[in-house]
1. For the range 218-235, give me the residue count where each residue is farther than 19 Å from Ala136 by Cβ, of a type outside the set (Ser, Thr, Tyr) and touching a residue at least 24 places away in the same chain (Cβ under 8 Å).
2. Do you know which residues across the range 126-137 are among the hydrophobic types (A, V, I, L, M, F, W, C) and either assigned to a strand (DSSP E or B) or surrounded by fewer than 20 Cβ atoms within 10 Å (Cβ to Cβ) (or both)?
3. For the range 190-247, give me each residue that is open to solvent by 20 Å² or more (accessible area, probe 1.4 Å), among the charged types (D, E, K, R) and in contact with a His (Cβ under 8 Å, 6 or more places away or on another chain).
4. Give me the pairs: first residue in the range 202-217 and on the phi < 0 side of the Ramachandran plot, second residue among the small types (Gly, Ala, Ser) and part of a loop (DSSP other than H, G, I, E, B), beta-carbon distance under 6 Å, and six or more apart or on different chains, which are they?
5. Being among the hydrophobic types (A, V, I, L, M, F, W, C), touching a Cys at 6+ places or on another chain (Cβ under 9 Å) and not in a helix (DSSP H, G or I) narrows it down to one of Ala232, Ala123, Ala197, Ala140, so name that one.
6. Considering only the range 80-94, how many residues are of a type in the set (A, V, I, L, M, F, W, C) and either open to solvent by 50 Å² or more (accessible area, probe 1.4 Å) or modelled with pLDDT under 90 (or both)?
7. Can you name every residue in the range 95-120 that is surrounded by fewer than 15 Cβ atoms within 10 Å (Cβ to Cβ) and not in a helix (DSSP H, G or I)?
8. Would you confirm, using the coordinates I've provided, whether Glu153 is closer than 30 Å to Leu175 by Cβ, of a type in the set (D, E, K, R), without any contact (Cβ under 8 Å) to a residue 24 or more places away in the chain and open to solvent by 60 Å² or more (accessible area, probe 1.4 Å)?
Amino acid sequence: LTRISTDDYSQQLRLNREDELGRLSMAFDKMLDGIKERRNLGRFVSASLDRQVAMDEKAGHKEMESRFGAILCSDIRSFTTLSERYPVRDIVSMLNEHLAEMSACIKQRGGMVEQFVGDAILAIFYGESLGEAAEAAVNAASAMTEKHRQICEQRVSDGRFDYAFGIGIEVGHLLSGTVKAGDRYEYLVIGDARVRAETLEGVSKKGMHTKIMVSDRVHALTRGSFDYVPSAESGVYEMTGKAGGVV
């Protein structure tokens, strides 16, 4: 316990006993495994975002920063239903793999994972221009969709259940910064663009192609690089693939 209190999670009890101490050992080791999984997942949150939070904490920043950028929201379909249908261990395994792989796609294209909200991911993209930020976000979404396809193919091949997800992307004015509640600091991004991205993700349930939904502004900024079809929803487009080809 003393070593664990200093963030050394290499210790495990592994007591091979049939009494109360044996059951306590099993519960303790299971708790350690869960802590290590959560710590490992934390590495997928952008390092640049970690640095920003650290700088804000050190400087005692109290004001939100105003910037223009793109925000991406993704969510797994019918997650509650899946959770009721399959064992908890299978759900946790699926979720860990999904969040890790999707976060990697975001980071590789310059995005910052702002927050995990259950099975949802919120990510932000900045650039030299709003068009650059929008294109990076759509590129990340395209990579996420392809990685999800690969994951599900492997899961089905292994006899495991597959799952669906959707993505919404918007650009606009964002307020970002750290807020403090007690001893805890959290990095937040707020603004109409975030609300709109979450709404677009909901519209992706009706998607017929990639289920990557973008606003009319994102469409205007990126239609030279990506192909789109209009959605039934006014002002919403579904990305079908990179210009000249279909995903």
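1. Residues meeting the conditions: 2.
2. Answer for the range 126-137, where residues must be among the hydrophobic types (A, V, I, L, M, F, W, C) and either assigned to a strand (DSSP E or B) or surrounded by fewer than 20 Cβ atoms within 10 Å (Cβ to Cβ) (or both): just Leu130.
3. Answer for the range 190-247, where residues must be open to solvent by 20 Å² or more (accessible area, probe 1.4 Å), among the charged types (D, E, K, R) and in contact with a His (Cβ under 8 Å, 6 or more places away or on another chain): just Asp192.
4. Cβ pairs passing all conditions: Asp216/Gly235.
5. Every option except Ala123 fails the conditions.
6. Number satisfying all stated conditions: 2.
7. Val117, Gly118
8. no
The values are calculated or read from the model by the stated rules, or taken from the named source; none is laboratory data. Remember, it's a predicted structure, so these values are computed and weren't measured experimentally. Reconstructed Cβ throughout: ideal geometry from the backbone, glycine too, with neighbour counts over all protein chains shown. We work out accessible area using only protein heavy atoms, side chains counted, and drop any ligands, DNA or RNA first. Shrake-Rupley method; radii C 1.70, N 1.55, O 1.52, S 1.80 Å.
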